[in-house]
1. Scattering from the C-alpha atoms of region 1-54 alone, worked out with Debye: what is log10 I(q)/I(0) at q = 0.30 1/Å?
2. Leaving out ligands and nucleic acids, note down the accessible area per residue over region 234-349 with a 1.4 angstrom probe, in whole Å².
3. If packing is taken as the average number of other Cβ atoms within 10 Å across a peptide's residues, how do 191-200, 123-132, 62-71 rank, most packed first?
4. Keeping every protein chain in place, order Val176, Val19 by accessible area at 1.4 Å, biggest value first, i.e. largest first.
5. Among all the aspartates and glutamates, which ones have a C-alpha under 15 Å from Lys344's C-alpha, if same-chain residues fewer than 8 places away are not counted?
6. What number comes out for the charge environment of Leu51, summing +1 per Lys or Arg and -1 per Asp or Glu over other residues with Cβ under 15 Å away?
7. In degrees between 0 and 90, to the nearest 10, how far off the longest principal axis of the chain does helix 242-252 point, with axes built from Cα atoms?
8. Size of region 56-182 along its principal axes in angstrom, Cα-based, largest extent first?
Amino acid sequence: MTHPNTALWLPKRSAPFTVGPAPYTPPAAGEVVVRVRAVAVNPIDGLPGFLYRLALPWLAFPAVVGSDVAGEVVETGPGVTRLRPGDRVLGHAFGVDESRNRPAESAFQHYAVLLEHMVAPLPDTLPFSRAAVLPLALSTAATGLFQQDHLGLALPSARPADRGETVLVWGGATSVGSNAIQLARNAGYRVVATASPAGFDHVRALGAAHAVDRTAPDAVERVLELLDGGPLAGTLAIGAGSLRRTVPIAARAAGSGRIASTQPAVLVRLPALRARRRGVRVSGVWGGTLKDNEVGPAVYTGFLPAALATGAYRAAPDAAVVGHGLDRIPDALRELKRGVHAKKLVVTL
């Protein structure tokens with residue numbers, strides 16, 4: 001089976017994107033090929049050349065990038081029985097991950113190769129454009145919350161037991177935060193989330209028990225008051241400046257004293273050393289590692305399909321469709337750099 005394929009190529013670092021032909025790559029064992037119908041854009045997709053060298057030093061050029069995929073399965077590899085051609089799915093594409101590092105597995109093309117266990121079927125009621133907001137943010141949140149080298153929390157399920165512990169999501173209105181709140185709630189944890197006041201309704205609607213103004217001078221004290229001496233199971237710290245506020249909370253609260261940070265690892269090292277002196281362990285999250293352990297299949301195959309179908313899990317934040325076609329992706333990346341709030345930019349294909 002073969003299909004004419006087209007991709008958005010990045011010829012080299014600092015070069016402009018260009019649309020051009022791409023090979024159709026059949027799936028190997030444990031893989032599927034998805035006809036991509038919608039993609040979302042993330043900051044890592046449009047990094048300047050020098051930051052690409054810092055964040056993705058292994059990336060081979062010419063490259064295809066992009067992580068967030070929604071579309072239809074067109075071909076399955078040997079051993080794949082859970083998915084069939086024609087299934088509507090979302091999936092995390094790993095073409096820029098160091099362990100995969102090949103254009104065929106990235107999102108910004110018409111036919112993408114995905115790992116079967118990092119793909120989830122979609123209910124008919126969920127449009128591709130909305131589903132595309134989930135994969136990278138979902139994976140990053142799940143990695144930080146559930147991997148044993150980060151917070152090591154209990155995995156989500158359809159009927160979670162009440163854990164009697166709280167998870168702090170600092171940056172709850174972000175894409176990662178929107179997923180972290182839902183994952184933690186579906187794992188049985190009470191959630192306290194920070195956001196700007198404009199994001200309070202958003203984080204509460206996703207399941208946060210309390211919303212705290214992250215910009216307030218007394219935000220740290222407010223979070224500690226809400227904990228009321230109860231155990232803090234862990235903290236997901238999202239965004240610049242989040243460790244400065246969350247380390248004092250973890251140091252003073254009862255509980256694990258663990259923080260998973262979504263900042264680049266190079267920016268986490270020094271704060272992590274300082275935090276250790278206060279009894280706090282800080283780890284840096286890379287949102288692709290869950291594909292190599294139990295967390296990936298637990299979330300994408302064991303939890304998400306039913307949770308989306310029943311409405312227990314929402315595609316959040318909202319999708320803002322900014323165009324149609326591969327050539328509109330660079331426009332979306334430019335808009336992303338100007339800043340977005342409580343939404344994710346999507347391009348349909």
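The values are calculated or read from the model by the stated rules, or taken from the named source; none is laboratory data. These figures come from a predicted structure and were not determined experimentally. Here Cβ is always computed from backbone atoms with ideal geometry, including for glycine, and neighbour counts include all displayed protein chains. Surface accessibility is based on the protein's heavy atoms, side chains included, excluding ligands, DNA and RNA. Shrake-Rupley method; radii C 1.70, N 1.55, O 1.52, S 1.80 Å.
1. The Debye formula, applied to the Cα set alone, gives -1.18.
2. About 46 Å² of surface per residue is accessible.
3. 62-71, 191-200, 123-132
4. Val19, Val176
5. Once the sequence-local aspartates and glutamates are set aside, what remains near Lys344 is Asp45, Asp68, Asp318, Asp331, Glu335.
6. Computed value for this residue: +3.
7. Its long axis makes an angle of about 40 degrees.
8. Ordered largest first, region 56-182 gives principal extents of 46, 38, 29 Å.
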